[in-house]
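Below is one structure, written out as structure tokens; the observations come after it.
What follows is calculated from the coordinates using simple rules that are stated; it is not laboratory data. Since we're looking at a predicted model, the values are computed, not measured. When we count neighbours, we look across all protein chains shown, and the Cβ atoms used for this are built from the backbone with ideal geometry, even at glycine.
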Amino acid sequence: MIRGGRSYVTSPPSFSNDAKKLLVCTGNTVSVFSAATGLQITSLEGHTAPVTTLIVVPAASSPAQKILCYCWTASLDGTVRHWDFSGPELLKTIDAQLPIYSMVIPSLLSEPQVQIDKRRELSGKLVAYVSVEDTSVVKEGTKELRGHIRRFNLAKPRIPRGDTLKETEEPESIVISPSGEFFGIRHKCKIHIWDVPSGGGSRHAVSRKMTLHHSKFINAFAFHPTERIIAAGDVTGRVLIWRGFGNRKLALGNQKKKVRAMVDLDNAGVRGEDDAESCTTWHWHSAEVNVLNFSSDGAYLYTGGREGVLVVWQLDTGKKKFLPRIGSPLLYFMWSPDPTLSSVVCADNQIHLLKMPSMEILRTISGIKPPPSLPRMYEGLASTVAFDRSSGIAALCTENYCVQLYNLLNDRGISEIQVCERNHQPGDEITVVVTAVALSLDGSVMSTTEVKLPEDGIGGLVSLKFWVSEPHSKTFTLSTIVYEPHRDAGVSAIAFHPTRSMAVSTSFGGDFKIWVCNSDKNQADKDSSWTCHAVGSYKKKPMTAAAFSGDGTVLAVAVENVITLWNPDKNILLSVLGATLTPITKLCFAGTSEFLVAASHFPRPELSVWNASNLSLSWSYGLRIEAVTSAVDSSSFAVLALIPKSFRTDESKENIFRSRDGAILLFNGSDPKPVSIWTVMKAKGGSISFLEGDKSQLRLAYVNGSHEYVVFDPNSDESHERSAVDYDGLAGQEETGDAGYTSLYGQLPDYDKKRMEDAESLATPFVSSERPWETIFSGSTLNFPPLQKLCAEFFESLMEKRTAVVE
Amino acid sequence: MEEELRVRLNEHQVSKVFPVKPKSTAKPVSESETPESRYWSSFKPHSVPNLVSSVSALAFSPVHPHSLAVAHSASVSLFSSLSLSSSRRFSFRDVVSSVCFRSDGALFAACDLSGTVQVFDIKERMALRTLRSHTAPVRFVKYPFQDKLHLLSGGDDGVVKYWDVAGSTVVSDLLGHKDYVRCGDCSPVSDSMFITGSYDHTVKVWDARVDKSKCIAEINHGLPVEDVVYLPSGGMIATAGGNSVKVWDLIGGGKMVCSMESHNKTVTSLCVGRMDSAETRLVSVALDGYMKVFDYGRAKVTYSMRFPAPLMSLCLSPDGSTRVIGASNGMVFAGKKKKKLSRDAGEKKSLSLWSVRGQVDETRRRALRPTYFRYFQRGQSEKPSKEDYLVKEKKGLKLTRHDKLLKKFRHKEALVSVLEEKKPANVVAVMEELVARRKLMKCVSNMEESELGMLLGFLQRYCTVQRYSGFLMGLTMKVLETRAEDIKGKNEFKGLLRNLKREVNQEIRIQQSLLEIQGVLAPLMRIAGRS
């Protein structure tokens, strides 16, 4: 059983200390990706509920500690875990007993690692601030304050309760300043900020609190790494910058008096009694701001939001730079220890790694994209998922007029095909819809239909496109466009012939067309084109579904209530199969057998199986069917049925179904009794397909309404879950890419390293007796030591060293 | 390697700009251009001063520089083949019917309708020899392929004569044709073999060495023969008569190999042309004004070209660089290929340059200094060698003006700017893009009067064009509805509206008549389908 399609974007990812790895929360696990290749290396498994927080333990600047690979995770299962992710190895588990939504550990940031270790040994304390949901009050009503901000000591294996700092209606996420001095939460129009008691140890040290107010709901905020500056973004797209916050309330004791004097000054833009020197507003974003992050040196502010544009503000001047057309709302922006690398996380399950000063997208860690939001008239009619049965690749329609090819067997995005050449603006009104995608049985041809919705009744356009696969790169190139394949009527279904290059498209306008590929043998593949071979219609009624039989000799086309059988080559009507009660929406031949499965759902759902040899109804159920698939060389077929609501909410059965709203039923040919049944979640909008892999093993793939999927063997009872990622076949190779300085200027020569080591070994009582600035720049420029080395040495030599070294 | 490949697959570009493109149209089914047609159409037309009357014969000198002899009315003009300008003119007593160069190009023979055959030195005005023996107009004269001493001629008296030029005597009279002898050719492999064609439908093969007045083979073309020609192998001949051209195998006993009947009128002249690839083609011209290139190996017409007059004669220069066609109204259609000579010449020049100053040049090259501007350009025009890894520069996307405006969301300006361009496909594409952005009607309602006039003009011209009508008809309606007040009173729109109305009415009438035709046809089709 392979489970996959998890969201990469539930919580912010985190870079490792050497910026070579990216840790991403994926459901119950944490996946570690290589930043150099974008492929998964390993995963941390252990949590039993979604992981919500991921904190990589930062290392001090010395290179020896850069290889430290420790991280803390917190999850909704109420545990906090400490990992060594190079292993990967679970070091420690702490049970907090309450679902944790967010966690910060200030002392990790404020003090170097070595000292923490020492102190932990001494005091046995590591303080974390967590945002938890108090499950004890959940059931009593919605007005209760369920979200709590508490202080925990992670040094102890079990945490009793902790001190509660604040209670809110919903659990909020905690934001911590990069220096580890402050942390805060946003709550409606307010930001609450606490300072971390210095000297971290004593239990009774109380954090002081202050609040900043705004007139709009605040979406996100961030602390400046060095100064007392807070930036916040609200739902209307404004970015607010408070400077010098907390001078009164959070100031340290000795500074207090100085600040007092300034209180009477007029604080520009600051609301009410808020404790801040000034507040400025920047307004560029047209919609809500989700991303706010200061650069590591504090000179720039990165913002982004629903428009899918990453904006870089120069903090002092307010000048802007843009990375436009990312194509999806932005969720998080993370910079890495390597100054040339950062990442931006998008709502469409993509993590883009950016090359930093130029902000180019270097590569993309691509998860399965969420389904597009269709206009209401197309709901239930569109078939937005198609499967390549042999290779286990699914073609999924996505938001930005693209079709994503996703390998279900190893849970990885392969490529993306721009179906419609338009610039996508997230949040715009949808005017072009990709309504259907279909793949031929061998996966070499793809067909898509798109509908351009008219404005005031003019300019509507339906087009049908055929794509052929490139043999080496797993992507498709456009072969043929057919504008208005059925005049202005919409295309209801596309089906491919199982063996030849032939396809059929049916329309609501009352006709179907058979398309053939006219590739000559002496022509290259890319010159081939698809032309109309035949047109058929039956009593001018709308045609709603089509399917080829297993050997391709019979074409079944559903005409409202009846099924017509055609000879696809000669375009002759063979026979007509009786009438169902309601219009048919799905048709499928049950493998090579003579049975034909038809599904209809409006106004009365029905699943009926017809015998094509004696033209009669075999059996039928009153089930609402979401998808039908059949195996190629056996007579079994599977349907995805929605369980009726009345049945589900029945008292006695509530325990059986819980939140599952659908069932996959596996039938064998004419037998009306299902062979097996599985209940599934989010079945609405889902689809299923048999996969016939290379191992001649029959597997069933189910993709649910939010594009999570599972691949399993329908004939065996295996319940153990295999991770989708086959580590051996993957990027197991440790990446050797250079980061930082070395990536810019290349590897340093060896002698430098030696000298550095020498310098380090001599570090403490080192007094420079010579005057290096006299010799340092003499000689050829080629022989100069590298810049990094040179500057340090030069400046060091200019400054007078104190001989007494503080210990 | 595989790892690397996978990585690259992952890197799909996210940020993209798509310019507005018109809908693609269907490609033509047949290929418009083949290497063959490219070769034959690459003869650049070359103007030649018009001659007085029908150009009855053309001949190229077999030696370089291949001067051209043109027979027209009672004279023969010599042209230089390089410039195609007339250099010398020879007068005759009657209309000249045929002209032929000797194998060394120093002499040429011509015959006229008075019955004489004359031999000229190309450098002298007076005839060297005048051969008189024919009793009727002479129709063709031919030098054997390499033989410099004899001549072959034939005429309306039905006799083919084999001449000794030096003594001006007839060596033999070849009798056998029952009608006018119109044409003949000498074998390219043997100096004593020739063929003649006559209006008695036959082509006879003669050998000067065997018994006199007896042909050694005979071929019946079936129609009066206008021209015959040996194919380069010497074993096959091509005959032209009536509308057809036929290729015969002489060695195989005079069997027909293939025939070409794509001319609509009498084929008047044949010629063998050699292509670049040393393949030979049969070129024919006819009174219907067509020149056709016939690939006799594949029995297929590979190129055809139309000229605005009935064509009488045709000749291709031996080096394949010049094609001359004579028409019945005195026009000469000459075509010359572009010289590839220039490159050879350039090479030669550079070679000589190298040989003289090679040493000097070498040292000068090495001495490029940073003070020279060229120093900074060195190596920029270097071509990559085969094993070099090419780092491709990203191609910048070229955006047109309306694309740039659309990028800045200046919708109305984009529409106006594309309307000014007068490319209907682009206008419709921009309009469709505006529909997708839900901005078209807003643009229309915001247009100023002059811009509205432009839009109405566009709609009037293109709304009934089949490709755009589905979209533009609806738009026209909307425009007239929304801007009714602005349009009503204005004089300048009156004409436009009148035209628009007329166009639409005309289209409706066409549609109605088409429907009527369909109504007539449908029962017929149904009956035909039933039977």
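Compute the Cα gyration tensor for region A:1-79, then decide on rounded, prolate or oblate, letting a ≥ b ≥ c be the square roots of its eigenvalues: rounded whenever a/c is under 1.5, prolate when a/b is larger than b/c in the other cases, and oblate in all that remain. Cα axes put region A:1-79 in the oblate bin. Which of B:LYS398/B:LYS439; B:LYS23/B:LYS337; A:LYS216/A:LYS249; A:LYS586/B:LYS21; B:LYS398/B:LYS422 have a Cα-Cα distance over 29 Å? Where the Cα-Cα span goes over 29 Å, the pairs concerned are B:LYS23/B:LYS337; A:LYS586/B:LYS21.
By the Cα gyration tensor, region B:37-135 has an equivalent ellipsoid whose semi-axes, rounded to whole angstrom, run 25, 15, 12 from largest to smallest. With a ≥ b ≥ c the root eigenvalues of the C-alpha gyration tensor of region A:412-526, is it rounded (a/c under 1.5), prolate (a/b larger than b/c) or oblate? Oblate. Panel values: region B:366-463, Kirkwood radius from alpha carbon pairs, Stokes-Einstein at 25 °C and 0.890 mPa s, translational diffusion coefficient 142 µm²/s. Between the listed residues B:PHE294, B:PRO384, B:LEU440, the Cα displaced farthest toward the positive end of the dipole of chain B, a dipole computed from Cβ unit charges relative to the Cα centre, is found at B:LEU440. What would the Debye formula give as log10 I(q)/I(0) at q = 0.11, 0.15, 0.21, 0.25 Å⁻¹ for the alpha-carbon point model of region A:496-598, no solvent? These q points yield log10 I(q)/I(0) values of -0.34, -0.59, -1.05, -1.38. Directionally averaged projected area (region A:260-369, Cα convex hull): 8.7 nm².
Ranking of B:LYS392, A:LYS92, A:LYS570 by neighbouring Cβ atoms within 10 Å, starting from the fewest: B:LYS392, A:LYS570, A:LYS92. To the nearest 10 degrees, how steep is helix B:449-462 against the longest Cα principal axis of chain B, on a 0 to 90 scale? The angle comes out at about 50 degrees. If you line up the long axis of helix B:424-436 against the longest principal axis of chain B, both from Cα atoms, how many degrees apart are they, to the nearest 10? The answer is roughly 30 degrees. Only alpha carbons enter this Debye calculation for region A:575-647, each as an equal point scatterer, and the log10 of I(q)/I(0) it gives at q = 0.12, 0.22 Å⁻¹ is -0.30, -0.95. Farthest towards the positive end of the charge dipole of region B:405-531, among the residues B:ILE527, B:VAL430, B:GLN506, is the Cα of B:ILE527, using unit charges on the Cβ of Lys, Arg, Asp and Glu. Only Cα sites of chain B enter the Debye sum here, all with the same form factor; the resulting log10 I(q)/I(0) across q = 0.08, 0.09 1/Å is -0.81, -0.86, listed in q order. Charging the Cβ of each Asp and Glu at -1 and of each Lys and Arg at +1, and nothing else, the dipole of region A:284-369 about its Cα centre rounds to 220 debye. Under a model in which nothing but the beta-carbon of Lys, Arg (+1) and Asp, Glu (-1) is charged, region B:51-193 shows a dipole of about 320 debye around its Cα centre. Per residue of peptide B:436-447, the mean number of Cβ atoms on other chains within 10 Å of the residue Cβ is 3.
Scaled against the 2.2 N^0.38 Å expected of a compact globular protein of N residues, the Cα radius of gyration of region B:383-531 reads 1.53. The ranking of B:TYR372, A:TYR8, A:TYR406, A:TYR483 from fewest to most other beta carbons within 10 Å of each one's beta carbon is B:TYR372, A:TYR483, A:TYR8, A:TYR406. Counts of other chain beta carbons within 10 angstrom of each beta carbon in peptide A:456-464 average 6. Sort region A:349-403 into rounded, prolate or oblate with this rule: let a ≥ b ≥ c be the square roots of the eigenvalues of the Cα gyration tensor; rounded if a/c is under 1.5, and if a/c is not under 1.5, prolate when a/b is larger than b/c, oblate otherwise. The shape class here is oblate.
Taking a point 7 Å from the Cα of B:ILE517 along the Cα-to-Cβ direction, the residues of region B:434-467 with backbone N closer than 16 Å to it are B:466.
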